[in-house]
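Taking it in order: structure first as structure tokens, then the write-up.
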Amino acid sequence: MIRSSETFLQKLSTATDKKDCGLYVYDGYLSPRNANDAFAVLGNDALFPWDNKPVLGGERLTQHAYGHDRYKYLKGQKNKSFRGLSKLEEICSNIEDDFGIEISYVFCNRFQDPNHFLDWHKDTYGENICVLTLGAPRRIEFRNNKTRAIEGLVPKSGDLYIMPLHINKTHKHKVWSAIETDSEASKRTDNTRLSFVFFFKAPKDVKEFKISRMDKAVGYLNYMLE
């Protein structure tokens with residue numbers, strides 16, 4: 001349940017860093033131990049329902065993916081037998097309590113190819129998101145559409161960042177490959193990165209996170225076309 005804006009604003013004020021683009025960064029949101037435990041469960045095919053051949057917009061994705069609809073799950077309509085989903089629900093509930101927000105959906109990604117990258121793009125979800133990283137690091141950059149100025153960060157396992165929807169109106173972002181991020185990556189046997197994108201509703205009176213009707217319409221249209 002969404003709580004008062006006081007809880008949300010107070011939590012935003014405790015961010016480790018706030019980027020010029022508007023990104024809120026929380027280093028070590030999960031402790032190293034909790035991040036390792038979550039990675040072991042959520043990255044396991046026997047415990048989590050990964051789709052190893054996902055398709056989006058008619059095109060095959062190179063990563064593994066899963067879409068977690070919390071409404072269907074909590075109503076008992078979807079994959080109750082997977083232990084990993086219970087762990088994901090635990091993380092969702094903790095984020096909701098910490099920030100005073102409401103999470104409706106989680107888009108889960110597993111990147112195993114050390115050469116995989118995402119070029120400059122903007123998200124068209126039509127919602128605010130926060131992203132939790134587990135496993136190997138990847139550098140993420142945000143580029144201002146007008147000035148072309150670039151900001152970057154390298155989320156470590158357990159780090160979380162909050163990305164207001166409005167960032168997509170002023171910036172594009174890209175995700176480097178593991179090889180580009182870390183020259184030692186080619187020497188490691190496992191460069192797996194798990195990325196969990198939480199779609200959330202913030203208190204209505206926080207203008208920075210306000211979603212317009214047009215935003216919702218664009219997000220819904222893109223969802224229907226996928």
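The values are calculated or read from the model by the stated rules, or taken from the named source; none is laboratory data. Keep in mind that this is a model prediction, so the values were computed, not measured. We place every Cβ from the backbone using ideal geometry, glycine too, and count neighbours over all the protein chains shown.
Tabulated data for the structure shown
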item: Residues being out of contact with any Phe, Trp or Tyr (no Cβ under 7 Å at 6 or more places or on another chain) and under 21 Å from Ser104 (Cα atoms) - total across the range 168-194; result: 1
item: Scan of the range 16-37 for residues that are outside any loop (DSSP other than H, G, I, E, B) and in contact with a Ser or Thr (Cβ under 9 Å, 6 or more places away or on another chain), ordered by number; result: Tyr24, Val25, Tyr26, Pro32, Ala35, Asn36
item: Meets criteria (part of a strand (DSSP E or B) and either closer than 23 Å to Phe8 by Cβ or at pLDDT below 95 (or both)) for Gly67; result: yes
item: Enumeration of residues in the range 104-129 that are closer than 19 Å to Ala15 by Cα and among the hydrophobic types (A, V, I, L, M, F, W, C); result: Ile129
item: Total residues in the range 208-218, condition in contact (Cβ under 8 Å) with a residue 12 or more places away in the chain and basic (Lys, Arg); result: 1
item: Residues located in the range 175-207, provided they are surrounded by fewer than 17 Cβ atoms within 10 Å (Cβ to Cβ), more than 14 Å from Ile129 (Cβ to Cβ) and either in contact with a helix residue (DSSP H, G or I) (Cβ under 9 Å, 6 or more places away or on another chain) or modelled with pLDDT of 90 or more (or both); result: Ile179, Glu180, Ser186, Arg188, Lys204, Asp205, Val206, Lys207
item: Any pair with Cβ under 6 angstrom, 6 or more apart, that starts in the range 21-46 at a residue that is surrounded by fewer than 16 Cβ atoms within 10 Å (Cβ to Cβ) and ends at one that is not in a helix (DSSP H, G or I); result: Asp27/Thr16; Asp27/Asp159; Gly28/Gly158
item: Filter result for the condition that a residue is under 30 Å from Asp205 (Cβ atoms), at pLDDT below 90 and of a type in the set (Phe, Trp, Tyr), over Tyr29, Tyr73; result: Tyr73
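Table: residues versus (1) under 15 Å from the mean Cα position of the chain (by Cα); (2) crowded, with 21+ Cβ neighbours inside 10 Å; (3) within 15 Å of Gly22 (Cβ to Cβ).
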site: Asp123; (1), (2), (3): yes, no, yes
site: Leu132; (1), (2), (3): yes, yes, no
site: Asn145; (1), (2), (3): no, no, yes
site: Val154; (1), (2), (3): yes, no, no
site: Tyr161; (1), (2), (3): yes, yes, yes
